[in-house]
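Novice: This is the structure, below, for whatever I ask next.
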């Protein structure tokens, strides 16, 4: 069974990440016109529902929920076909995720090497933190290993979430086991308690970066478990929502409020990278359930442009930092910074399409042959 509406949700979430990074690149820019425009957009939308258009961290949580949904379907199908084999499952995940990831890392390393000696023209403080250090064999090896602890900002700053994605993918059969054998509330309590324990001990990342990174992986088990629970109980949830149609709109409004405002409900002094997710995760999970239960949403989200975005979303998420930093390095000062930033989303989509056709699609096809059980969920891409 296919779920094209979830493909579109993933594509829109990937686009939100791109737009967010373009906006943040403009904030604090040395180009006064670009900085004023970015600040005007940010100040007029950050505390409104329009914040969802560039809510990057919130989009990543949606990716994780979708990944849990897809991986649950994958494991269930492999088990139903009596072809379950953990090594084949793990091989499918590595073949699916790693080739495009490695290509983005290598392209970033090449461009970083070519441009690191030249400061980005009129760049803001955030942009200046990237591509400034020499690329070494050690850095490349750490990145290509994918699941270790390393500086994920050194080359492609979007890959931090993919490190957690790969780690949790390899652990996911344990989540599947608990979700299929324990009541939903027990699972919520189990993974919620684990995340709360992480939040309790989570200290300044600069104090113990290796520990903090691994603890974050334990925290992100929660959104994966939420996605798995939605997959496990999708028929019951869909029937209930179909029988209570007026509730659908109220829950959609609640989901959008959670996603748009959840990350900023508490001040920085009263929250951290873990606890802020608690305000957003309910909205991410609700959104996935709601689009599954609505024929109207399915029809709207099945539009060709949205399906195209869904297909290339993994490549788009991977390649847009390379495009952003590459254009800022190479196109200035020949082009004004504002023009360069406006070009980034379009150039990123074109680059993502090329990466998808040349590498990601073949990887999907090869991964689909491993173990003999293809996932027909409308989500051939694991969330970034």
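The values are calculated or read from the model by the stated rules, or taken from the named source; none is laboratory data. The model shown is predicted, which means the values in this text are computed figures rather than measured ones. Reconstructed Cβ throughout: ideal geometry from the backbone, glycine too, with neighbour counts over all protein chains shown.
Novice: Looking only at segment 323-339, how many residues end up being assigned to a loop (DSSP other than H, G, I, E, B) and either free of Cβ contacts under 8 Å to residues at least 12 places away in the same chain or under 13 Å from residue 115 (Cα atoms) (or both)?
Specialist: 4
Novice: Now for a separate question. Can you say whether residue 28 is assigned to a helix (DSSP H, G or I), modelled with pLDDT under 95 and either touching a helix residue (DSSP H, G or I) at 6+ places or on another chain (Cβ under 8 Å) or under 16 Å from residue 291 (Cα atoms) (or both), as far as the supplied structure shows?
Specialist: Against the criterion (assigned to a helix (DSSP H, G or I), modelled with pLDDT under 95 and either touching a helix residue (DSSP H, G or I) at 6+ places or on another chain (Cβ under 8 Å) or under 16 Å from residue 291 (Cα atoms) (or both)), residue 28 does not qualify.
Novice: Moving on to the next point. For residue 203, which of the numbered conditions (1) in a helix (DSSP H, G or I); (2) at pLDDT below 95 fails to hold?
Specialist: (1)
Novice: Same structure, new question: Can you run down the residue pairs with Cβ atoms below 6 Å, 6 or more apart or on separate chains, where the first is in segment 353-379 and at positive phi and modelled with pLDDT under 85 and the partner is surrounded by fewer than 18 Cβ atoms within 10 Å (Cβ to Cβ) and assigned to a loop (DSSP other than H, G, I, E, B)?
Specialist: Close Cβ pairs (under 6 Å, with a partner that is surrounded by fewer than 18 Cβ atoms within 10 Å (Cβ to Cβ) and assigned to a loop (DSSP other than H, G, I, E, B)) amount to 371/83; 372/83; 378/2.
Novice: Can I ask one more? Take residue 107 and tell me if it is within 18 Å of residue 177 (Cα to Cα) and either buried (at least 19 other Cβ atoms within 10 Å of the Cβ) or modelled with pLDDT of 95 or more (or both).
Specialist: It is false that residue 107 is within 18 Å of residue 177 (Cα to Cα) and either buried (at least 19 other Cβ atoms within 10 Å of the Cβ) or modelled with pLDDT of 95 or more (or both).
Novice: For segment 206-233: of the residues being part of a helix (DSSP H, G or I) and either touching a strand residue (DSSP E or B) at 6+ places or on another chain (Cβ under 6 Å) or surrounded by fewer than 18 Cβ atoms within 10 Å (Cβ to Cβ) (or both), which is modelled with the lowest pLDDT?
Specialist: 209
Novice: Let me ask you something else. Restricting to segment 133-147, and then to whatever is over 19 Å from residue 94 (Cβ atoms) and either surrounded by 15 or more Cβ atoms within 10 Å (Cβ to Cβ) or in contact (Cβ under 8 Å) with a residue 40 or more places away in the chain (or both), can you tell me which residue is nearest to the chain's Cα centre (by Cα)?
Specialist: Filtering segment 133-147 for residues that are over 19 Å from residue 94 (Cβ atoms) and either surrounded by 15 or more Cβ atoms within 10 Å (Cβ to Cβ) or in contact (Cβ under 8 Å) with a residue 40 or more places away in the chain (or both), the one nearest to the chain's Cα centre (by Cα) comes out as 139.
For every residue, the table says whether it meets (1) in a loop (DSSP other than H, G, I, E, B); (2) modelled with pLDDT under 95; (3) surrounded by fewer than 18 Cβ atoms within 10 Å (Cβ to Cβ).
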position	(1), (2), (3)
111	no, yes, no
122	yes, yes, yes
131	yes, yes, no
149	yes, yes, yes
154	yes, yes, no
166	no, no, no
180	no, no, yes
191	no, no, no
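Novice: Do any residues in segment 14-25 that are outside any helix (DSSP H, G or I) have Cβ atoms under 9 Å from those of residues that are surrounded by 20 or more Cβ atoms within 10 Å (Cβ to Cβ), where the two are at least six apart or on different chains, and which pairs are they?
Specialist: Listed by first residue and then by second, the contacts come to nothing, as the list is empty.
Novice: Kindly indicate the residue of segment 39-48 that is modelled with pLDDT of 90 or more and surrounded by 13 or more Cβ atoms within 10 Å (Cβ to Cβ) and also nearest to residue 332 (Cα to Cα) among those meeting that condition.
Specialist: 39
Novice: Still on this structure, I have one more. Select from segment 236-251 the residues that are within 27 Å of the chain's Cα centre (by Cα) and surrounded by 12 or more Cβ atoms within 10 Å (Cβ to Cβ) and list them in ascending order.
Specialist: Passing the criteria: 237, 238, 241, 248, 251.
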